Structure formats: C-alpha cells, structure tokens
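The values are calculated or read from the model by the stated rules, or taken from the named source; none is laboratory data. Here the structure is a predicted model, which means the values were calculated and not measured. Positions of Cβ are backbone-derived with ideal geometry, glycine not excepted, and every protein chain shown enters the neighbour counts. For the accessible areas, the whole protein counts, side chains as well, though only heavy atoms, and no ligand, DNA or RNA atoms are used. Shrake-Rupley method; radii C 1.70, N 1.55, O 1.52, S 1.80 Å.
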Amino acid sequence: MAIRTEAGQQRESFLVAAAPMLRALLWAAIGFVAGAWLVALISGSAFITNRSVTVGYLLALIGWIPGGGAWEACVKPAFGAAATWDEGRGIARYLRFNTDHKVIGLQYLFASAGTFLVAGLFAMAMRIELLTPGLNLFPNAAAYNVVFGVHGTLMLFAVAVVAIIGGFGNYFLPIMLGARDMTFPRLNGLSWWFVVPGVLAVLLSPLIGGFQTGWSGYAPLSATDAPGQVLYFLGVFSLGLSSLLTALNMIATTIYMRAPGLTWGRLPIFAWGMLGTAVLNVLWVPVVGVAMIMGLMDRIVPTQFFSAQGLPVLWQDLFWIFGHPEVYIIMLPAWAIWMEVIPVMARKTLFGYRWVVAGIAGVVLLSSVVWTHHMFTDVSNDRLVPFMTTTELISIPTGFMFLAAIGTMWQGRIRLNTPMLLVLMSMFNFLLGGVTGVFLADVSVDLQLHDTYFVVAHFHYTILGGMVFAWFAALYYWFPKYTGRMYNELWGKVFAWVIFFAFNLTFFAMFLAGINGMNRRIATYLPYLSGLNVWISIWAFVLGLGFFIPLVNFIYCWVRGPRAPANPWGGKTLEWQTSSPPPHENFEEEPVVKSDFYSYGEVEPESEMFRVKPRVGAAVSTAQEEKEEDGQ
C-alpha cells in the first residue's frame, strides 16, 4: 500500500482548494480560443483580429466567472436549483467565488498588490531606458510606448482606483457600520471576478501588438492601432464594471445597513469617504465605460465616432469627464484614512468633523466640473477661464482635510508608529502635488508645462505620494485586524523612511526636468537632460526595491508574527470592538452605538463612547445588553 508523503498531501490539498480557480482559467481559455476561432472561421480572416479578440474575450469572461463558482452560487439557484456551493475554508476561500465581504476585500488587496508590483516592474524598465538619451533597452520607441501604456493603465485602473475602496472598503465598511455583510453579497462576490480579466487583458496586450495611445487611450490613434488596443478597451471596461458594482453595494450598505444608533452625524469618516467615492463611481464610471465601447466600435464595426468624420476631441471630453473625478475617487479614500489614523495615534478628538464631511461633499460636487484643465491646449478659448476657476476652487474643500488633520494633531499625544509616519508622509507628498496642481490649473502656466515631466511629477506626487502612502498606512494600521497578528515595527519604519526619501528624490527632480524642457511620454531626449535622468532612474530603482520590504514583512508576520489583541491602538470605531480577525458575521451580537467615534482626550479619563456594562475588554454595547438595561 502506497504511503502518501506530506509534500504530496499538501499538493493534493492545494489542488483541491484551487480547483474552482483552475476551472475558471480553463473555461476562460476554452472560451477565448473558441470565440476567436469561430470569428476567424466565419470571416475567413486571421486568428487574431479586432473582432476575433473581442468575441474571444467576451466568451472568456463568460467562462471565467461561472467557472470560479458563480455557476453553482448564482446561476443555478436563479433557475430554482438548490444552492450547494461551498465557499471553502482557509486559503480555499480566496480561490473561489465567495460572498463574505472580508474575503472579497482581501481578494481585492491581493490583486491590487500583485498588480502594483508588476506595473512597478514596467516602470523600472522605463527608467532603465531613460538612463541614456538614446534607445538602449527597447528596440524602438513604439515598444517603449507599449510598456508605458501598460504601466499607466494598470496603476490607475487596477491599483489606484481599486486598492482602497475595493480592498479596505469591502473589508471594513460593513464592520464600521455594524453590519453583518454588504447589502448584496452575491453582487459583491461577482465584482472581484471582473478585476482579474481586466488586469490580464491589459497585461497580455503586448503579445498582440500592445497599444500606442498610453493609458488615456487617445482617439483617433486608437482606431488604427494594433489589436492590443482592443484589449485596452475591454480591460478598462471590465475594471470599471467591477468598481461600479462595488460602488452600488457601498451606497446601499451605508444607507440601509447601519447599526442602531449610528446616525449620519456619527458615521465614521472612512464611511463618508467610501460613500463619496461610490457616488463618483456611479456618476462617472458609466461615462468612461461608454467611451470604451465607442472606441471599440470604431475598430470593429467600424463606426466614425472619433474619426475626422466624427468628433476627435469628443474622446478627450468623455475620458477626462471621468478622468478628473477619478483623481478624487483615488484620493477621497486616502483622506478618509488620514482621518481614521490621526485621532487614534494622536489621542485627540477629530478636529472639525462636520467640516471634513462638508469637504468630502464639496469635492464630490466640484470634481465633476474641472475636467477641461486636462485639455487647455486643445479647446476653444471660451472654455479656458471657467474651468481654470473651478479647478482652483476645488482646492478649498481639499484644504478642509489638511486643516482637520493639522487641528487634530495640534497638542496631541502623537505616537509616531508606522501608520502615523506614513500618513504624515502622505500629507506632505499630497501637499506638494496640490500646490503644483494650482500652477497647472492656471492657463498661461499650463500651456508651457502641459506636455512636460512637470505634469508627470505633479501626477505622481498626487497619486503615488498621496494615495499609495495612505494605502500602506492602512495596510499597517489594519494589519492586526485582518490577520490577527502584529507586523514588525522596526521594518515598518525602515520601509517608510526609505520610500519617503527615494520617492521625493525621484519625483522632485522630475519637476526640474519638466521646467528644463523634458517632454513626457518619450523614449529619447536631448543629451543636456542626461544628468537629471540618471539621478531620477537611480532613486527610482531604490524606490522600487523599497516596496519589497513590506512584502517580506507582511508575509512573515502574517505567518509567524506575535498574536495581536483585538484593539492594539485603542481605537473607538466598530472594527476595533470585535475580535481579530473578525468572525464570519463580524459581531457576536448586534452593536448599538451610543456616541461619536472620535472623542479622544476630551476629559480624563477619556469619555465613554458606548453605554456598556463594565466588562473586561468590552467597548461595544449589544442589543441583548440594551434589553437587560431597559428591564432594570
């Protein structure tokens, strides 16, 4: 009788756990090959064409989502069959269709973190190319354009837009609201399954020629580009659809699933940030989705939406009417993280809660009327002054976030641990991004700097410096909650300081390069800019290596780190009032909120947030306790 080795049992166990994911990949591959082959057979064309790639991708999507478990969990029950889908345990939960918002949140975090590292490698390739004025790594400028386009598209649509709202929003919003799950768990489960096809479509596009349009997909060039452009349209559309489904769920959950006593005036700032972001997604993701469909139609029908017979500039309007609210889709969650971390780490009541909420509302309203500043070089003069005005006005509600953060820290008992350090660094970086944005909002200045590395620096100070630093702050801040373990504080601080200095030494130099005439989106440049580019590339390599520090820290500590208490920071929001990690439905009993979440240090001892019976480690009043108290 054969004796199975421990390694063999582990392999078998993993294959069983990963079976739905493997089935999804198989069905997707069969769908793509069948669709592309069928189109080629009917049309008598090559296997890879605009139409065959489109049909193949759609059939791959149809195979991928049911293959991951949606067939048993959603489709069959919809036709009267019994729901028999097993959502798994342990690692198996993350490799199949799941309706637990916490599992879905971690699926988003894993996907966005992996995409971040891959897209970062593309950035490293670009910086290797730019070490010298001429071509040295890529065979031609077109190859550089492809790498640039993939890098930008993945970083924006699959990391910046997805990482916080998809990851932490899914994981923590229901817990912070005192809910057991999202309003529509199956819809939430489906949302993540659009992310992987979207990422793979963009990532694999170089295999069929890539796209020369950059991450903004500019028409009419997009209509004559290689077939890889089709995967750009389909990939971005899929990623947008994922964001839209998540946004609908978050709005419904915030409105209808709040715990007793959690009034709008007590809503955590993180929940306000998620709500504002979700509203922007619902308003503007459909617009860019329609643009992607129109661009695709120009290739496969072909229609003439953006050709010389149509309206070439229409693409820019459709893209940027989403593209600038997208900046706040990215930054509203980051600001919300500031407001969650700072009061806890400063032991100070949040300064100006209502002003923060007003700032979020103001940003949501004004972000919809600023997009033309991306097009100052292309539009008529009568659009310049109005959009310059609205672009500069949006700095006012943005300033509310800084005033609230600074006011909260003032005379606070600040603990400079890793999450707090990263929040302070995010504030510094975004301040530079915001100040330089005011310059670019001015028409006369923008006409000089529009197509230079000054814009690249401004953009990265805003997104990478502002959002990504806040994202890592949240990864460290909530690490004890979603893993049940503590990270290594020393290596957390080493990481924070390494990326802070490397980031600023990289991107501040890009401001200088832009002022000195360095054009963006190019593979070659004049020799007088060589010194600056060598400096930028060296520090970019240090920055890229720095991001592997938390990768090792998190993986090691997730497995071997010391056990974390339920509330290591002494936070008062509801996620800190349950176990680490939280149970399946978040709380053993429904919590009842009795006060606001940000009353730190007002009196000594600190004021109670909830009316509770004295109990060791307790910070939440439950519905059962309310009944007992009412009966006394």
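What to note about this one:
- The lone criterion from (1) among the aliphatic types (A, V, I, L, M); (2) over 30 Å from Asn533 (Cβ atoms); (3) in contact (Cβ under 8 Å) with a residue 60 or more places away in the chain left unmet by Val455 is number (2).
- Residue match in the range 306-316 (condition: crowded, with 24+ Cβ neighbours inside 10 Å and farther than 17 Å from Ser216 by Cβ): no
- Pairs, first open to solvent by less than 10 Å² (accessible area, probe 1.4 Å) in the range 209-221, second part of a loop (DSSP other than H, G, I, E, B) and of a type in the set (A, V, I, L, M, F, W, C), C-beta under 7 Å, six or more apart: Gly210/Ala226; Phe211/Ala226
- Selection within the range 264-285 - among the β-branched types (Val, Ile, Thr) and free of Cβ contacts under 8 Å to residues at least 60 places away in the same chain: Val282, Val285
- Residue within the range 125-133 that is surrounded by fewer than 20 Cβ atoms within 10 Å (Cβ to Cβ), of a type in the set (Gly, Ala, Ser) and either at pLDDT 95 or above or within 27 Å of Ile549 (Cβ to Cβ) (or both) present: yes
- Residue selection: Ala46 satisfies the criterion of being within 27 Å of Gly210 (Cα to Cα), surrounded by fewer than 20 Cβ atoms within 10 Å (Cβ to Cβ) and either small (Gly, Ala, Ser) or touching a Pro at 6+ places or on another chain (Cβ under 9 Å) (or both).
- The residues listed here are Ala566, Ala502, Ala523, Ala540; of these, the one that is part of a loop (DSSP other than H, G, I, E, B), among the small types (Gly, Ala, Ser), over 30 Å from Gln411 (Cβ atoms) and open to solvent by less than 50 Å² (accessible area, probe 1.4 Å) is Ala523.
- Within the range 284-299, one or more residues are within 29 Å of Leu366 (Cα to Cα), at pLDDT 95 or above, aromatic (Phe, Trp, Tyr) and open to solvent by 40 Å² or more (accessible area, probe 1.4 Å).
- Any hit, the range 465-486, residues being within 18 Å of Ala513 (Cβ to Cβ), in contact with a helix residue (DSSP H, G or I) (Cβ under 7 Å, 6 or more places away or on another chain) and surrounded by 18 or more Cβ atoms within 10 Å (Cβ to Cβ): yes
- Of the residues in the range 575-583, at least one is open to solvent by less than 20 Å² (accessible area, probe 1.4 Å), under 30 Å from Leu262 (Cβ atoms) and among the β-branched types (Val, Ile, Thr).
- Check on Leu440, part of a helix (DSSP H, G or I), among the aliphatic types (A, V, I, L, M) and over 24 Å from Leu154 (Cα atoms): yes
- Tally of residues being open to solvent by less than 30 Å² (accessible area, probe 1.4 Å), in a helix (DSSP H, G or I) and of a type in the set (Lys, Arg) across the range 81-121: 1
- Scanning the range 237-263 for residues that are of a type outside the set (A, V, I, L, M), in a helix (DSSP H, G or I) and in contact (Cβ under 8 Å) with a residue 60 or more places away in the chain yields Ser238, Gly240, Ser242, Ser243, Thr246, Asn249, Thr253, Thr254, Tyr256.
- The requirement of being open to solvent by 10 Å² or more (accessible area, probe 1.4 Å), part of a helix (DSSP H, G or I), more than 25 Å from Phe472 (Cα to Cα) and of a type outside the set (Val, Ile, Thr) is fulfilled nowhere in the range 153-161; no residue meets it.
- The single condition from (1) within 24 Å of the chain's Cα centre (by Cα); (2) open to solvent by 10 Å² or more (accessible area, probe 1.4 Å) that Arg266 fails is (1).
- Those residues of the range 222-260 which are crowded, with 23+ Cβ neighbours inside 10 Å, hydrophobic (A, V, I, L, M, F, W, C) and closer than 30 Å to Phe172 by Cβ, in sequence order: Val236, Phe237, Leu239, Ala247, Met250
- Any pair with Cβ under 8 angstrom, 6 or more apart, that starts in the range 526-555 at a residue that is within 18 Å of Leu130 (Cβ to Cβ) and ends at one that is assigned to a helix (DSSP H, G or I) and open to solvent by 90 Å² or more (accessible area, probe 1.4 Å): Gly544/Leu121
- The range 248-273, residues that are among the hydroxyl-bearing types (Ser, Thr, Tyr) and farther than 16 Å from Phe597 by Cα: Thr253, Thr254, Tyr256
- Applying the condition of being part of a helix (DSSP H, G or I) and open to solvent by less than 40 Å² (accessible area, probe 1.4 Å) to the range 443-457 and asking which residue is nearest to Ala523 (Cα to Cα) yields Tyr453.
- Selection status of Val288, in a helix (DSSP H, G or I), under 20 Å from Ala160 (Cβ atoms) and free of Cβ contacts under 8 Å to residues at least 40 places away in the same chain: no
- Among helices (runs of 4 or more DSSP H) entirely within the range 328-420, having at least 1 residues that are within 22 Å of the chain's Cα centre (by Cα) and touching a residue at least 12 places away in the same chain (Cβ under 8 Å) singles out 353-366, 395-409.
- Only a single item in (1) of a type in the set (A, V, I, L, M, F, W, C); (2) more than 21 Å from Gly433 (Cα to Cα); (3) open to solvent by less than 50 Å² (accessible area, probe 1.4 Å); (4) at pLDDT below 95 is not met by Val385, and it is number (3).
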